[in-house]
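The values are calculated or read from the model by the stated rules, or taken from the named source; none is laboratory data. Keep in mind that this is a model prediction, so the values were computed, not measured. Glycine gets a Cβ as well: all are built from the backbone with ideal geometry, and neighbour counts include every protein chain shown.
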Amino acid sequence: MSTLLRMATAGSVDDGKSTLVGRLLHDTKSVLADQMQAVERVSKEKGLGVVDLALLTDGLRAEREQGITIDVAYRYFASANRTFILADCPGHVQYTRNTVTGASTADALVLLVDARKGVLEQTRRHLAVAALLRVPHVIVAVNKMDLVGYDADIFARVAQAVTAVASELGLGHAVAIPVSALEGDNVVTRTSRAPWYDGPSLLELLEGLPAAQDAAAYAFRLPVQLTIRPQDASRDPAFRDYRGYAGQIASGVVRRGEQVVVLPLGLATTVVGIDTADGELDEAFAPMSVTLRLADEFDIARGDMIAAVESAPVPTQDLDGMVAWLHERPARVGQRVLVKHTTRSVPATIRDIAGRLDLDKMAPQATETLALNDIGRVSLRLASPVMADNYLASRRTGSFLLIDPQSGATLAAGMVRGHQAFSDEMTIIPGQFWAWEI
Amino acid sequence: MSPGQLDLLGELESEAIHIIREASAELERPVLLFSGGKDSVVMLHLALKAFWPGPLPFPVMHVDTGHNFPEVLAYRDEVVARHRLRLLVASVQDYLDDGRLVERSDGTRNPLQTQPLLDALAEHRFDAVFGGGRRDEEKARAKERVVSLRDEFGQWDPRNQRPELWNLYNARHRPGEHVRVFPLSNWTELDVWRYVDREGIDLPGLYFAHTREVFERDGMWLAVGPYSAPRGAEAAETLTVRYRTVGDMSCTGAVQSEAATVADILIEVATTRISERGATRADDRLTEAAMEDRKKEGYF
Ligand SMILES: Nc1nc2c(ncn2[C@@H]2O[C@H](COP(=O)(O)OP(=O)(O)O)[C@@H](O)[C@H]2O)c(=O)[nH]1
């Protein structure tokens, strides 16, 4: 069975990220002949002696002209048993926004570090973003090993420094790999030039990562996308009275015959059918898209949630969240926003900005506003309730967007830190952002 | 009990259905672009699944260059009838006939599709356009969002895209603006064919090996027909070919192939060394940035 792994890459400018991504594509034979010819032609035009694999991945014309990548781009490559969706995140300081975007969907983050430079401020920021967004696996590719003679001590020092920062941030498992993106060492194939290293290549490591199971393992939640009622359909009288609630399971498992609760109504009922266009199922799990039929005819609409009876979320109009501010116009207290949480969008006000995280000092800081690329903590008052989980427990039902109601612009990426309904039940790893009181 | 895990196609399918349902629920007047090409066929298949057992709650639209393969038009009409869809046709030929557009010197009509498309969107006040574009197709598409804003002139601003996080899609737009929605963003050409195979989706016969009278131009095999014919030293030959993309007859090239079934094609795609667009679309080869330029202007 071929599975999907979503990953992101990040690194400072010139650490070799484009070269590494080009190398991954090239060595997994994901580059087709005509694309390769184009790259060879441009390399020659630029007077380069070798083929610049970095050219495979920089997309838009403006970026080609400036020679830098400035927006998240998505790449696709595959090995024998896995397909990878790679969010390629540009690495300027001012583009923390991109790393946040790429990390939001990633099961794994590959972070580039130049072996000669070691851990930089930017490395710490990227690790902080990975911790904040709860990327399950972090891999540090210590690049340009060819320029340091494949020196074991240099690698060990960098690896150690990275691990120290990672554990300070509460990132469980950060693995380091010595690579040369330029020469292809330990990217797809293992190298013999670093005999002291007996670990896997980057691709081998990515192939072996357990698929993210936390979504399916958490309690059942299905945010309703729409109600399916083909009643007018003269097409098939069998469906005249059909009424189903369509959505993608955000977490957990649901079985036919099981009790569920409909929120925010708070009414319990039974799942009588789990439908797909391919037939009925006995059970379904995240992230399947299904349509549920329920025993009772409640008034259920888009934005409602069908959840497991035990540990169902408590609807709330007060959210305490970490936000990554993504817009040029800064946040301010009293600002009116739209909160988009699962399939529900509700008007809200920023009631308080508790502080921002100084990513360089890794410390909280008092502030009145949040500027582009700031990460901070806010409290929000909502016009109607949402069914939120703590982001630490569920990325799908713990995340939200802040949207400008007037322009429609996306202002911030938000992660639910808590609300009055669950104060202390989450165990918070010491040192992790989430524990920081500001 | 440990929960199950979806395989690759299961996950891509579920994601696409989620996207289609989101856009359909959040936007007032969606339309799905349907050309009879395999990506649009797969997208339609997913959309039908998304609303099952209900009918498709929006119409489909074909931007007809007037140079389409007759068998593709027949296929289109058959699918529309089978699923009782509402079909709108935006016709490039009408624009040429009444002078709103003029034929290009190279005879290529693909770039002429933009105007009729945008006019049709305005006329029907569509605010969401489902397209079958995939990010693996081309460099400029790699940065395209799943839900992508277009201004009142249909233009895409690649420098100023909204960040797209988790599976939360922001489809808000001002009056006159619209969004393009790409449910197949994360699919590759191979995924599309694997899905066609798994689901038993039927496609126009053009995709499978057949004999056809063709001639070579710019390294591509073009069909001999009413809209393209050999010039000068170009000579017609009868070869066994198939198409990897279907579009305008005058600029869509065939490839020599013996792949007569989906299973054959899967093997061919898995081992092929030329990209879909590189092999078969003359207009994309015009310049390095051809696609980017057309996308900015509102092309799909
Ligand atoms: N010697 C050496 N040079 C590298 C390696 N990886 C990248 N480079 C070079 O470092 C420079 C920056 O690489 P690039 O991939 O463009 O960096 P990016 O800004 O992180 O995308 C280029 O000149 C690359 O050729 C490596 O492993 N070894």
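Among the listed residues A:VAL175, A:VAL135, A:VAL162, A:VAL140, identify the single one that is within 24 Å of B:LEU165 (Cα to Cα) and away from the ligand (no atom under 16 Å from the Cβ).
Numbers: A:VAL175 fails: within 24 Å of B:LEU165 (Cα to Cα); A:VAL162 fails: within 24 Å of B:LEU165 (Cα to Cα); A:VAL140 fails: away from the ligand (no atom under 16 Å from the Cβ).
Being within 24 Å of B:LEU165 (Cα to Cα) and away from the ligand (no atom under 16 Å from the Cβ) holds for just one of A:VAL175, A:VAL135, A:VAL162, A:VAL140, which is A:VAL135.
Among the residues that make up the range B:103-114, is at least one of them surrounded by 15 or more Cβ atoms within 10 Å (Cβ to Cβ), modelled with pLDDT of 90 or more and either in contact with a Cys (Cβ under 8 Å, 6 or more places away or on another chain) or under 25 Å from B:ILE20 (Cβ atoms) (or both)? If you could, list the steps in order and put the result at the bottom.
Filtering the range B:103-114 for residues surrounded by 15 or more Cβ atoms within 10 Å (Cβ to Cβ) gives B:108-114.
Filter again for modelled with pLDDT of 90 or more, leaving none.
No, every residue in the range B:103-114 fails to be surrounded by 15 or more Cβ atoms within 10 Å (Cβ to Cβ), modelled with pLDDT of 90 or more and either in contact with a Cys (Cβ under 8 Å, 6 or more places away or on another chain) or under 25 Å from B:ILE20 (Cβ atoms) (or both).
Within the range A:41-58, identify whether any single residue is touching a residue at least 12 places away in the same chain (Cβ under 8 Å), within 15 Å of the ligand (Cβ to nearest atom) and farther than 22 Å from A:ASP185 by Cβ, and answer yes or no. Working first, answer last.
Restricting attention to the range A:41-58, the residues satisfying the condition of being touching a residue at least 12 places away in the same chain (Cβ under 8 Å) are A:42-43, A:51-58.
Now narrow it down to the ones that are within 15 Å of the ligand (Cβ to nearest atom): A:42-43, A:51-58.
Still in the list and also farther than 22 Å from A:ASP185 by Cβ: A:42, A:58.
Within the range A:41-58, one or more residues are touching a residue at least 12 places away in the same chain (Cβ under 8 Å), within 15 Å of the ligand (Cβ to nearest atom) and farther than 22 Å from A:ASP185 by Cβ.
So which residues in the range A:263-297 are touching a Ser or Thr at 6+ places or on another chain (Cβ under 7 Å), away from chain B (no Cβ under 11 Å) and hydrophobic (A, V, I, L, M, F, W, C), if there are any at all?
Of everything in the range A:263-297, those that are touching a Ser or Thr at 6+ places or on another chain (Cβ under 7 Å), away from chain B (no Cβ under 11 Å) and hydrophobic (A, V, I, L, M, F, W, C) turn out to be A:LEU294, A:ALA295.
A:LEU206 versus (1) facing chain B (nearest Cβ under 9 Å); (2) of a type outside the set (Gly, Ala, Ser); (3) over 30 Å from A:SER384 (Cβ atoms); (4) surrounded by 21 or more Cβ atoms within 10 Å (Cβ to Cβ): which is the lone unmet condition?
(1)
Among the residues of the range B:190-200, is there at least one that is touching a helix residue (DSSP H, G or I) at 6+ places or on another chain (Cβ under 9 Å), more than 14 Å from every other protein chain (Cβ to nearest Cβ), touching a residue at least 24 places away in the same chain (Cβ under 8 Å) and among the β-branched types (Val, Ile, Thr)?
Yes, there is a match, as at least one residue in the range B:190-200 is touching a helix residue (DSSP H, G or I) at 6+ places or on another chain (Cβ under 9 Å), more than 14 Å from every other protein chain (Cβ to nearest Cβ), touching a residue at least 24 places away in the same chain (Cβ under 8 Å) and among the β-branched types (Val, Ile, Thr).
Among the residues of the range B:18-59, which ones are surrounded by fewer than 24 Cβ atoms within 10 Å (Cβ to Cβ), basic (Lys, Arg) and at the interface with chain A (Cβ under 9 Å from one of its Cβ atoms)?
B:LYS49
May I ask you to list the residues in the range B:174-202 that are in contact with a Phe, Trp or Tyr (Cβ under 8 Å, 6 or more places away or on another chain) and farther than 23 Å from A:SER30 by Cα?
B:HIS178, B:ARG180, B:VAL181, B:ILE201
How do the strands (runs of 3 or more DSSP E) wholly within the range A:151-241 filter down when requiring 2 or more residues that are modelled with pLDDT under 95: which remain? Working first, answer last.
Details: elements: A:174-178, A:221-223, A:226-228.
Here the list reads A:174-178.
Being within 16 Å of the chain's Cα centre (by Cα) and modelled with pLDDT of 90 or more narrows it down to one of B:LEU73, B:LEU121, B:LEU165, so name that one. Before the answer, list the steps.
Working: B:LEU121 fails: within 16 Å of the chain's Cα centre (by Cα); B:LEU165 fails: within 16 Å of the chain's Cα centre (by Cα).
Answer to the selection: B:LEU73.
Could you check, for the range B:62-76, whether at least one of its residues is out of contact with any Lys or Arg (no Cβ under 6 Å at 6 or more places or on another chain), under 27 Å from B:ALA16 (Cβ atoms) and within 14 Å of chain A (Cβ to nearest Cβ)?
No, the range B:62-76 contains no residue that is out of contact with any Lys or Arg (no Cβ under 6 Å at 6 or more places or on another chain), under 27 Å from B:ALA16 (Cβ atoms) and within 14 Å of chain A (Cβ to nearest Cβ).
Which is under 19 Å from the mean Cα position of the chain (by Cα) and either free of Cβ contacts under 8 Å to residues at least 40 places away in the same chain or away from chain B (no Cβ under 12 Å) (or both), of A:LEU402, A:LEU392? Give the derivation first.
Numbers: A:LEU402 fails: either free of Cβ contacts under 8 Å to residues at least 40 places away in the same chain or away from chain B (no Cβ under 12 Å) (or both).
So the residue among A:LEU402, A:LEU392 that is under 19 Å from the mean Cα position of the chain (by Cα) and either free of Cβ contacts under 8 Å to residues at least 40 places away in the same chain or away from chain B (no Cβ under 12 Å) (or both) is A:LEU392.
Surrounded by fewer than 19 Cβ atoms within 10 Å (Cβ to Cβ), away from chain A (no Cβ under 14 Å), of a type outside the set (Ser, Thr, Tyr) and touching a residue at least 60 places away in the same chain (Cβ under 8 Å): does that describe B:ARG100? Break it down stepwise before answering.
Working: surrounded by fewer than 19 Cβ atoms within 10 Å (Cβ to Cβ): yes; away from chain A (no Cβ under 14 Å): yes; of a type outside the set (Ser, Thr, Tyr): yes; touching a residue at least 60 places away in the same chain (Cβ under 8 Å): no.
Judged against the criteria, B:ARG100 is not a match.
Considering only residues that are within 15 Å of the ligand (Cβ to nearest atom), small (Gly, Ala, Ser) and either within 19 Å of A:LYS17 (Cβ to Cβ) or out of contact with any Pro (no Cβ under 6 Å at 6 or more places or on another chain) (or both), which ones fall in the range A:178-207?
Answer for the range A:178-207, where residues must be within 15 Å of the ligand (Cβ to nearest atom), small (Gly, Ala, Ser) and either within 19 Å of A:LYS17 (Cβ to Cβ) or out of contact with any Pro (no Cβ under 6 Å at 6 or more places or on another chain) (or both): A:SER180, A:ALA181, A:GLY184, A:SER201.
Kindly indicate whether A:ALA312 is aliphatic (A, V, I, L, M) and not in a strand (DSSP E or B). Give the steps one after another, and end with the answer.
Values: aliphatic (A, V, I, L, M): yes; not in a strand (DSSP E or B): yes.
So A:ALA312 fits the description; yes.
Looking only at the range A:104-119, decide whether some residue is in contact with an Asp or Glu (Cβ under 9 Å, 6 or more places away or on another chain), assigned to a helix (DSSP H, G or I) and not small (Gly, Ala, Ser).
Looking through the range A:104-119, none of the residues is in contact with an Asp or Glu (Cβ under 9 Å, 6 or more places away or on another chain), assigned to a helix (DSSP H, G or I) and not small (Gly, Ala, Ser).
Is there any pair with a first residue in the range B:147-168 that is at the interface with chain A (Cβ under 7 Å from one of its Cβ atoms) and free of Cβ contacts under 8 Å to residues at least 12 places away in the same chain and a second that is of a type outside the set (Val, Ile, Thr) and in a loop (DSSP other than H, G, I, E, B) whose Cβ atoms are under 6 Å apart and which are 6 or more apart or on different chains, and what are they?
Listed by first residue and then by second, the contacts come to B:PRO163/A:LEU326.
Taking A:SER251 as meeting all but one of (1) among the small types (Gly, Ala, Ser); (2) more than 16 Å from the ligand (Cβ to nearest atom); (3) closer than 17 Å to A:ALA159 by Cβ, write down the number of the exception.
With (1) among the small types (Gly, Ala, Ser); (2) more than 16 Å from the ligand (Cβ to nearest atom); (3) closer than 17 Å to A:ALA159 by Cβ applied to A:SER251, the lone miss is (3).
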